[in-house]
Amino acid sequence: DKVVEDITLEEFKKITLLKTKEKMPSFEEFLDEINGKVPVLVEFKVYKGNWVALSIEALKILSTYKFKDKIALQSFDPRCVEYLKEHSNEYSCGLLAQADYSSEGFSGIVHFIIRKLLLFRKAHSDFLSYKIDDLPNRCAKRVTRHKQMLVWTVNTKEKLEKVIGLRN
């Protein structure tokens, strides 16, 4: 197990996908392959406070992508979302969230602020992407009164029915 930040691109490209012989593509290779055929929701997985470096590199790569209208950006880290909004107006940017962060090791006040979505507006989020298992949720409903809400991960018929029920 290695952290992506600690390996070279060459090492990264040797990693296989699950239990297949398929190799991991770079972000550029991935974008070249899809070539605007499908929309892409890019998740920024911030590691050890790297939201600025991560955002700069991703925006640099995305700057050459022709299908900007097919890209949306999201992160659990509101600092990353805020940075992306401040440095690019070409993409819809949103905050990923869930109801419980106790396993993340946050202090009490930080856990409260994140759980209650108190940084949603400060991050200038265009949408909230919320864990389906944690809905309905009053905080999520409050911050998305005039914003779009996405849900994750809808991977069963029951969860799909829950989403349909929440819409009504």
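Take each peptide in 25-38, 51-64, 7-20, count the other Cβ atoms within 10 Å of every residue, and average; sorted highest first, the result is 51-64, 25-38, 7-20. Between VAL40 and GLN148, the modelled labels are 1.7 nm apart [label points 7 Å from Cα along Cα→Cβ]. In the frame of its principal axes, the range 95-168 has Cα extents of 36, 28, 16 Å, reported largest first.
Determine the shape class of the range 1-85: with a ≥ b ≥ c the square roots of the Cα gyration tensor eigenvalues, call it rounded for a/c under 1.5, and otherwise prolate if a/b is greater than b/c, oblate otherwise. Verdict is oblate for the range 1-85. Candidates ILE7, GLN74, ALA99 compared by Cα position along the dipole of the chain: farthest toward the positive end lies ALA99, with charges placed on Cβ. Translational D (Stokes-Einstein, µm²/s) of the chain at 4 °C and 1.567 mPa s when Rh comes from the Kirkwood sum over C-alpha pairs? Value of D from the Cα-based Kirkwood radius: 74 µm²/s. Length available on full extension from GLU28 to LEU9: 0.36 nm per residue minus the Cα-Cα distance, which gives 5.7 nm. Between the residues HIS87, TYR47, PRO136, the greatest Cα displacement towards the positive end of the dipole of the range 37-148, with unit charges on the Cβ of Lys, Arg, Asp and Glu, is found for PRO136. The share of accessible area on the chain that comes from carbon and sulfur is 55 percent, using a 1.4 angstrom probe.
Given a 1.4 Å probe, how much area per residue of the chain is accessible, in Å²? All intermediate terms of the calculation are to be shown ahead of the outcome.
Working: 11290 Å² over 168 residues.
Per-residue accessible area for the chain comes out at 67 Å².
Karplus-based coupling profile of the range 158-163, in residue order and whole Hz: 5, 5, 5, 5, 4, 4, with θ = phi - 60° in 6.51 cos²θ - 1.76 cosθ + 1.60 and x standing for Gly or Pro. Taking amide H positions as modeled 1.01 Å from N, with prolines and chain starts lacking one, the residues under 5 Å from CYS93 and 5 or more places away or on another chain are LEU73, ASP126, PHE127.
Each pair of Cα atoms in the range 30-128 enters the Kirkwood radius, and Stokes-Einstein at 20 °C and 1.002 mPa s then converts it into a translational diffusion coefficient of 151 µm²/s. The local environment of SER92, defined by Cβ-Cβ distances under 11 Å, has a net charge of +1 under the rule Lys, Arg +1 and Asp, Glu -1. The relative contact order of the range 57-165, computed from alpha carbon pairs under 8 Å that lie at least 6 residues apart in sequence, is 22 percent.
The values are calculated or read from the model by the stated rules, or taken from the named source; none is laboratory data. Remember, predicted model here, so these are calculated numbers, not experimental data. Cβ: placed from backbone, ideal geometry, glycine included. Neighbour counts: every protein chain shown. Areas reflect the complete protein model, heavy atoms only, side chains present, ligands, DNA and RNA absent. Shrake-Rupley method; radii C 1.70, N 1.55, O 1.52, S 1.80 Å.
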